[in-house]
Amino acid sequence: MNEEPILTSPAKVLSARGNHAAEEARNLPRIRNLIAVGSGKGGVGKTWFSITLSQALALTGDRVLLVDGDLGLANVDVQLAMGPERDLASVVTGRVKLADAITPFDGGAGAMDSEISANAGRQLRGFDVLAGRSGSGTLDGMNRKQIALLCTELCKLSVLYDHVIVDLAAGMNTHMMPIFQQIGRVLIVVTDDPTSITDAYAFLKSLVTRFPNIDIDIVVNRAESDKAAEKTYGAVKRASEHFLQFCPQLLGAIHNDKSVASAIRAQAPLLTRHPQSVAADNVRKIAASLRPKSPRGLI
């Protein structure tokens, strides 16, 4: 990446001008269609949810970009059985620009541009993917400047999409901290496992402490029932209200469904392989609640 980005990198601002700049960075406008999906620990279905949410939004006709933000253990491409020629590692090494590393999945979001006049109102099935490099240490070894530039370029790309979904690494990965300066919303995936609940709260606490104005929602995965999901959410909510004076909202619950494991084994999106499943319906409802009531842009 040889060109200096048009926007000022939050990380550069922080390092150059100290505390005053830190306050400025905290007040950067948030990009409403830039959504991060995180979790306190691994193994809760975060990447699967990011993929399924992206497809659910694309099926409504929205333009969606899915970004594999797990710099150390990228696996979006694995779950989608993709073999992209260009990925984020290509960007980091300077071979291509960020926009040129986008790979369409199932036709991609760009299909709408060439066909909208002839097929007005057509429902898209595909979305775009910015893949990581599975099994590579290239992304994990990025320095702060490289990551800040990457996050800045990603913010600039967001104007081309209705939704940009960033699948983060589990836990509070400080590598991706610059993106939280302008992220519009964070979805924390949690299960009823006690460790998942504890770690989800720790992740939430870290976010709220650094970015008190950030919007955070909870998604309960593998819930045995709606009542069980409310109980899991309640545990996170009570701790947040008591210790942080902050109340995250419950965005939705995804019921425990064998169809999910079947789709993952087949390396196929759930809404393609099992579109009538309970979990598919759950994710569609979550996607519907995320669709903007006003034009995309800054908050």
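The values are calculated or read from the model by the stated rules, or taken from the named source; none is laboratory data. Just so it is clear, the structure is predicted and the values come from calculations on it, not from any experiment. In this analysis, Cβ positions are derived from the backbone assuming ideal geometry, glycine residues included, and neighbour counts consider all displayed protein chains.
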(request) Mind telling me which of the residues VAL44, VAL37 ends up being surrounded by 14 or more Cβ atoms within 10 Å (Cβ to Cβ), touching an Asp or Glu at 6+ places or on another chain (Cβ under 9 Å), part of a strand (DSSP E or B) and at pLDDT 95 or above? (result) VAL37
(message) One residue is enough: does the stretch 138-156 have a residue meeting the conditions surrounded by fewer than 18 Cβ atoms within 10 Å (Cβ to Cβ), closer than 24 Å to ALA58 by Cα and at pLDDT 80 or above?
(response) yes
(message) Tell me yes or no: at least one residue of the stretch 213-233 is of a type outside the set (S, T, N, Q) and modelled with pLDDT under 95.
(response) yes
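Residue-by-condition table, conditions (1) surrounded by 12 or more Cβ atoms within 10 Å (Cβ to Cβ); (2) modelled with pLDDT under 75; (3) farther than 14 Å from ASP62 by Cα; (4) not small (Gly, Ala, Ser):
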residue	(1), (2), (3), (4)
VAL91	yes, no, yes, yes
ARG95	yes, no, yes, yes
ASP100	no, no, yes, yes
SER117	no, yes, yes, no
GLY126	yes, no, no, no
(request) Go through the stretch 256-275 and give me each residue that's crowded, with 18+ Cβ neighbours inside 10 Å and in a loop (DSSP other than H, G, I, E, B). (result) ASP257, PRO269, HIS274
(message) Being part of a helix (DSSP H, G or I) and modelled with pLDDT under 90 is true for just one of ALA22, ALA56. Which residue is that?
(response) ALA22
(request) Could you list all residues from the stretch 49-75 that are over 19 Å from ARG185 (Cβ atoms) and touching a residue at least 60 places away in the same chain (Cβ under 8 Å)? (result) LEU59, GLY61, LEU71, GLY72, LEU73, ALA74
(message) Looking at THR198, THR209, can you tell me which residue is at pLDDT 90 or above, farther than 26 Å from VAL283 by Cβ and surrounded by fewer than 23 Cβ atoms within 10 Å (Cβ to Cβ)?
(response) THR209
(message) Among the numbered criteria (1) more than 18 Å from the chain's Cα centre (by Cα); (2) surrounded by fewer than 18 Cβ atoms within 10 Å (Cβ to Cβ), which one does ASP215 miss?
(response) (1)
(request) Consider LEU130 carefully, then state whether it is among the hydrophobic types (A, V, I, L, M, F, W, C), modelled with pLDDT under 90, in contact with an Asp or Glu (Cβ under 7 Å, 6 or more places away or on another chain) and over 16 Å from PRO269 (Cα atoms). (result) no
(request) State yes or no: is PRO248 crowded, with 19+ Cβ neighbours inside 10 Å and over 29 Å from GLY132 (Cα atoms)? (result) yes
